[in-house]
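Peer 1: One structure is given below, represented as structure tokens, and several questions about it will come after.
The values are calculated or read from the model by the stated rules, or taken from the named source; none is laboratory data. Values in this document were obtained by computation on a predicted structure and should not be read as measured data. Cβ: placed from backbone, ideal geometry, glycine included. Neighbour counts: every protein chain shown.
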Amino acid sequence: MGYPDNVETALAVEDQIRKTGAEPATIALVNGQVRIGLSKDELNSLAKTKDAVKASRRDLGLVLAQRKTGTTTVAATSLIAHAAGINVFVTGGIGGVHRGGESSLDISADLTELSRTPIAVVCAGVKSILDIGRTLEFLETQGVPVVTYKSDSFPSFYTPTSPFTGIARMNSPQECAAMIKAQLDLGLENGSVIAVPIPQEAVEIDGDLLDAAIQGALKEAEALGVKGKDVTPFLLQRVKEVTEGKSLRANIALIKNNALVGGQIAVALAKLNKDAPSHPYHPVAPPHEPVSASSKSKENLKANKIVIFGATNLDIISKFSAAESSGKSAAGSVRFSLGGVGRNMAEACHRTGGNVHFASAIADDNAGRLLLSQMREKDILLPGLSILPPTQQSTAKTPPPSTAFYNAILSSAGDPLSGVSDMSIHSQIPFPSSALASLSPTLLATDANIPTYLLSECIKYARDTRIPVVYEPTSVPKSTLLFKVLDATTGLTIKDISNTVHYITPNTLELTELYRDALKRGFVLHKAGKTAIGPVDAKTVSKAVALAYLFRVVVVKLGRDGVLLVMDLKDEDTLSHSGGSIIEGVGEYVVVEGKVVAHLKSLVDSDREVVNVTGAGDSLVGTILTGVAETNGVVGVKRMVEILQKGLWAAKLSVSDEEAVSAKLSPNLFE
């Protein structure tokens, strides 16, 4: 399909899907990157690209390595969509066994992909230039169910009927969704084909004329030596010419109809999953259901999407006795671990039930492959992670990207002594504009490892969509990144930051650095006097209260002393303005200038519990994200205290675990 028919059809297809309440995500390869969801400008650019590669599963690695642009076949699209968690895929028609395939063995990779990728393909059947009967036989052998939609006959692409049938007739989107869900619940690795006949009013081509055109085009292709993946576009072009453009009009009509049906099926499947969450089928029912979050809580957590921007590192944890080293090599322990502030936050959020998209980057190198292997093994490989290939222009001055490392040097008791980091790759984390458009998140969060441009884009997106941002300052040198976006040519103002960044989570040193920078820039207009609370001195309280005028909710991580919370006392908060116990046995609060200043105690009872402190703060923040997202970002004091209690429990599990984020975290925290 040439320009502009191709882009007009693509946009019409997306519109059809949106009409059903589903969200379209067109898949393509753009400059060596897999793109799931394209803007109108990107679709238009792709449609005009004359040298776009037609990429199947076989071609993906090569096209990405050579940083080319291409369209994806049914096979490649199925593979990518499944990796992104998409269960319903709409196309015109699938590939199949070519006519004469019994001797040439010319069989589309679409068929073998359907045998190993669990995705439902909604189409108008097999392209009629192919051998429909042998295609259906091949799919049956591969264990792929083929059903027809509101018809007893299997469609033949340009015409609604053929001499063949599917294994069943489906009469509604709900029936199709039930089949898809059952297959997914069973853990089957194959996909399914839902064949939708072209609408009768769009049928313009006589079956006999079409068959004669195909036979003539096949003979011409053989005479010209057209082979392989060039055969299909050659035949389609010849059929278009013989039918005087009728085949193109039919193609456009059928794919728009497929999009409408596919969108309805996707919506029905989403409702089915919401009403009856997926679970593995067992030959014998288990004796009891595992303890899980309440159904309302599960529903909220699943619906509220959280996008986290930040670092993914391979951590090297070195632990030794500083007293025994005396400036020389010392015996100790060294091990590798999954790390990165953003990644740790994302894992904790995911483990506690958050619906996470994690925008980060690793390199295609040994460290990156080790990280991927570990994340897959632990089932914590979250959508959004970019894998950057080596650049073809790499030189000594511009080396290829390398996966980030952080070498944490700890005392024998697990306390941090020093650290060395190499995180230059994080400057190449792409802004996920297409993913944000399809996800419509309710909460954004970021660490301070990302570059200025990425943080500014994050704030602009939050400003334009009116969703809150949680900012984790990460370290003293990096903490003021939030204000540095104002020094760049971003067009942002302090009002933009204050209106979008509703939560900050510094430790005491990062709090001081943020306060100093805000004071220097003239952003601090309020001072809190000399109020102390529990183990928190008056200066720390004063700084936190001053910043709470900018950021609404300030959570200061105090290590073994717990956390300090400063936020507005809202009308619905039934707390005394004179202060008291925030929650019995947990902590206390005072009210300063209309703001609640609350101290919550750590849940770590003894130093003997402490094994590793590298992920305690990140686990706390990741758990906060889960709780805040459940409330759509609007939290009163008492609810915030409840969320912080769960975050403190996550931190307790973290410090007693060798890993930065404990695998013991679960959605049960938010029952």
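Peer 1: So in the range 171-191, with the set limited to residues that are touching a Leu at 6+ places or on another chain (Cβ under 8 Å) and small (Gly, Ala, Ser), which one is farthest from Ala120 (Cα to Cα)?
Peer 2: Step by step, filter the range 171-191, then rank; the result is Ala178.
Peer 1: Using the structure shown, decide if Ala177 is assigned by TED's automatic domain parsing to the domain that holds Pro160, of a type outside the set (S, T, N, Q) and more than 28 Å from the chain's Cα centre (by Cα).
Peer 2: When the stated conditions are applied, Ala177 does not pass them.
Peer 1: Check Thr452, Thr493, Thr480, Thr489 and return the single one that is in the same structural domain as Gly354 (by TED's automatic domain parsing), farther than 20 Å from Glu42 by Cβ, crowded, with 17+ Cβ neighbours inside 10 Å and among the polar types (S, T, N, Q).
Peer 2: None of the others qualify; the one that does is Thr480.
Peer 1: Restricting attention to the range 605-618, report how many residues are more than 33 Å from the chain's Cα centre (by Cα) and either among the hydroxyl-bearing types (Ser, Thr, Tyr) or part of a loop (DSSP other than H, G, I, E, B) (or both).
Peer 2: So the count comes out to 2.
Peer 1: Just wondering, is there one or more residues in the range 103-112 that are surrounded by fewer than 21 Cβ atoms within 10 Å (Cβ to Cβ), in contact (Cβ under 8 Å) with a residue 24 or more places away in the chain and more than 30 Å from Val242 (Cα to Cα)? It would help to see each step written out before you state the result.
Peer 2: Our first condition is that a residue be surrounded by fewer than 21 Cβ atoms within 10 Å (Cβ to Cβ); within the range 103-112, this holds for 103-107, 109, 112.
Next, only the ones that are in contact (Cβ under 8 Å) with a residue 24 or more places away in the chain stay: 106-107, 109, 112.
Narrowing further to those that are more than 30 Å from Val242 (Cα to Cα): 112.
So far as the range 103-112 goes, yes, one or more of its residues are surrounded by fewer than 21 Cβ atoms within 10 Å (Cβ to Cβ), in contact (Cβ under 8 Å) with a residue 24 or more places away in the chain and more than 30 Å from Val242 (Cα to Cα).
Peer 1: Just the residues that are aliphatic (A, V, I, L, M), surrounded by fewer than 20 Cβ atoms within 10 Å (Cβ to Cβ) and in a strand (DSSP E or B), please, taken from the range 402-446.
Peer 2: Within the range 402-446, Ile409, Leu417, Val420 meet the criteria.
Peer 1: Next question. What about Val13, is it closer than 27 Å to Ser156 by Cα, in contact (Cβ under 8 Å) with a residue 60 or more places away in the chain and not assigned by TED's automatic domain parsing to the domain that holds Arg249?
Peer 2: Yes, satisfied.
Peer 1: Looking at Ala25 and the list (1) touching a residue at least 60 places away in the same chain (Cβ under 8 Å); (2) part of a helix (DSSP H, G or I); (3) closer than 30 Å to Ile107 by Cβ, which single condition is not satisfied?
Peer 2: Of everything listed in (1) touching a residue at least 60 places away in the same chain (Cβ under 8 Å); (2) part of a helix (DSSP H, G or I); (3) closer than 30 Å to Ile107 by Cβ, Ala25 misses just condition (2).
Peer 1: Tell me yes or no: at least one residue of the range 54-67 is modelled with pLDDT under 95 and more than 30 Å from Ile380 (Cα to Cα).
Peer 2: Scanning the range 54-67, I find at least one residue that is modelled with pLDDT under 95 and more than 30 Å from Ile380 (Cα to Cα), so the answer is yes.
Peer 1: How about the range 151-174: which of its residues are within 20 Å of Ser115 (Cα to Cα) and either outside the structural domain of Val239 (by TED's automatic domain parsing) or crowded, with 20+ Cβ neighbours inside 10 Å (or both)?
Peer 2: Listed by number, the residues that qualify are Phe154, Gly166.
Peer 1: Do the conditions hold for Phe523, that is, is it in the same structural domain as Gly342 (by TED's automatic domain parsing) and either free of Cβ contacts under 8 Å to residues at least 12 places away in the same chain or assigned to a helix (DSSP H, G or I) (or both)?
Peer 2: The answer is no for Phe523.
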